[in-house]
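Take a look at the structure below.
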Amino acid sequence: MIRRLDTADPRFDGELDALLSWEARESAEIARTAADIVAEVRVDGDSALLRLTRRYDGLNVASVRDLEVDPDELGRSLERLPDADRDALRLAADRIRGYHQRQPRGDFSYVDDLGNVLGQRTTPLDRAGVYVPGGQAVYPSTVLMTVVPARVAGVGEVVVTVPTPRGERSDHVLAAMAIAGVDRVFTIGGAQAIAALAYGTETVPRVDKIVGPGGVYVAAAKRLVFGPAGIDLVAGPSEILVIADGSVEPRWTALDLLSQAEHDADAQAILVSPDADCLDRVQAEIDDLIDTLPRAVVIRQSLRDRGALIEVRDLAHACEIANRVGPEHLQLAVRDPEALLPAIRHAGAIFLGAHAAEVFGDYVAGPSHVLPTFGTARYASPLGVPDFLKRSSIVGGGQSSVQSLARVAANIADAEGLAAHAKAARARLAGYDDNRSS
């Protein structure tokens, strides 16, 4: 069911490349359909949203205003939850907020040796759009993981879209919105939701940036609207890579792999170990557990198509493989995880040791679970407060402090053939008005 690879096999590099290359992440048909949807919403606005919501979500309403959730409904959903569920969401929100309040904003200022004031000022976005998936399952955790960092950053208005197929609304999702502090909610999904947030319609406000995970059509639409709106990242199916040395209970490792495989048939779960016996024992636990899980069919397809057990030379080699993959989630299921940490360069989130289960990162640890996928951890970062802030450079100076800068700037402008630039610099030189040829 799950392939077994060995780095000692001369075919290994090709097999790993094939495993990591997932062509379905955006087929030409998906790109065309998403482009058609985005264009339809951009041209027809609300009327397009009504047609598309009827077509894709089976939800027929007379007005887009009927797709907006009354703010009072969020509070009612919160009150309807069992006490344990309500307390769990509040605790998770508190932990997420506590983590993101510690992220630096990045303001600074200094005076250089000429007397000029230089610095940086960070300001929050005026309006952010959050996409919360809802086609295959409900994700109150995603509400908390996206909206809470936006609120900590000080975003002026947070607008959420969430699909509600056939009009079925989740109390857990709406309750999470009440806890996180959402301003407006629209029951719209898919590429049409992304287009509405990016361009605005008669009813849905245009946002400055769109964040949140989604399926392939959402990912394709985010690529298309980038520019008119910012985006966080183009998220794909969930990924986990576990490095194991055999010291962790194999059943725990099996469950960690299965927990990601159950997300989606396209999810990826990989176990890397220098211990062949460890791979055997985890495989046996997977075989024992899989039929006890409700999403066994999804898990089997995920493990068959995109999963792997990889035998390596040693733990250092395991870290090399992990960096090559650049996984969304990296679990160090080893005796001394801190010893491996310096060797890890590319991972969205790193979980240290037997007890730091990846599932804690999904729900309650604190960092956002919106993470880079497809190996983009090579250059991308988890969603956080910085994603909802923008930087402005600060430049200040007086007559004396800019004299040498003006001469240098004018020299470079002359070299670039930009005469107005050069004159604007020289205008600041002392005595320029008396000597226009200087």
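The values are calculated or read from the model by the stated rules, or taken from the named source; none is laboratory data. Please read all numbers here as calculations on a predicted model, not as lab measurements. Virtual Cβ from ideal backbone geometry, glycine too; neighbours counted across all protein chains shown. For the accessible areas, the whole protein counts, side chains as well, though only heavy atoms, and no ligand, DNA or RNA atoms are used. Shrake-Rupley method; radii C 1.70, N 1.55, O 1.52, S 1.80 Å.
Out of the residues in the range 126-152 meeting the condition of being in contact with a Gly (Cβ under 7 Å, 6 or more places away or on another chain) and open to solvent by 20 Å² or more (accessible area, probe 1.4 Å), tell me which one is farthest from Pro163 (Cα to Cα).
Asp126
Among the residues that make up the range 338-357, is at least one of them of a type in the set (D, E, K, R), over 15 Å from the mean Cα position of the chain (by Cα) and crowded, with 22+ Cβ neighbours inside 10 Å?
Checking the range 338-357: not a single residue is of a type in the set (D, E, K, R), over 15 Å from the mean Cα position of the chain (by Cα) and crowded, with 22+ Cβ neighbours inside 10 Å.
Would you please name the residue that is nearest to the chain's Cα centre (by Cα), looking only at residues in the range 322-337 that are crowded, with 19+ Cβ neighbours inside 10 Å and part of a helix (DSSP H, G or I)?
Per the stated criteria, the residue is Val325.
Run Val395 past the list (1) touching a strand residue (DSSP E or B) at 6+ places or on another chain (Cβ under 9 Å); (2) part of a loop (DSSP other than H, G, I, E, B); (3) more than 20 Å from Leu255 (Cβ to Cβ); (4) in contact (Cβ under 8 Å) with a residue 40 or more places away in the chain and report the number of the one that doesn't hold.
It fails just one condition, (2).
For the range 221-238, which residues satisfy the criterion of being open to solvent by less than 10 Å² (accessible area, probe 1.4 Å) and either closer than 30 Å to Ala339 by Cβ or among the basic types (Lys, Arg) (or both)?
Across the range 221-238, the qualifying residue is only Lys222.
Can you say whether Asp256 is in contact with a helix residue (DSSP H, G or I) (Cβ under 7 Å, 6 or more places away or on another chain), within 16 Å of Ala322 (Cα to Cα), open to solvent by 20 Å² or more (accessible area, probe 1.4 Å) and among the charged types (D, E, K, R), as far as the supplied structure shows?
no
What number of residues within the range 381-390 satisfy the criterion of being open to solvent by 10 Å² or more (accessible area, probe 1.4 Å) and in contact (Cβ under 8 Å) with a residue 40 or more places away in the chain?
4
Within the range 366-380, is there a residue that is in contact with a Lys or Arg (Cβ under 6 Å, 6 or more places away or on another chain) and touching a residue at least 12 places away in the same chain (Cβ under 8 Å)?
Among the residues of the range 366-380, at least one is in contact with a Lys or Arg (Cβ under 6 Å, 6 or more places away or on another chain) and touching a residue at least 12 places away in the same chain (Cβ under 8 Å), which makes the answer yes.
With the checklist (1) under 26 Å from the mean Cα position of the chain (by Cα); (2) open to solvent by 20 Å² or more (accessible area, probe 1.4 Å); (3) at pLDDT 95 or above in hand, flag the one item Thr292 doesn't pass.
Status for Thr292: all satisfied but (1).
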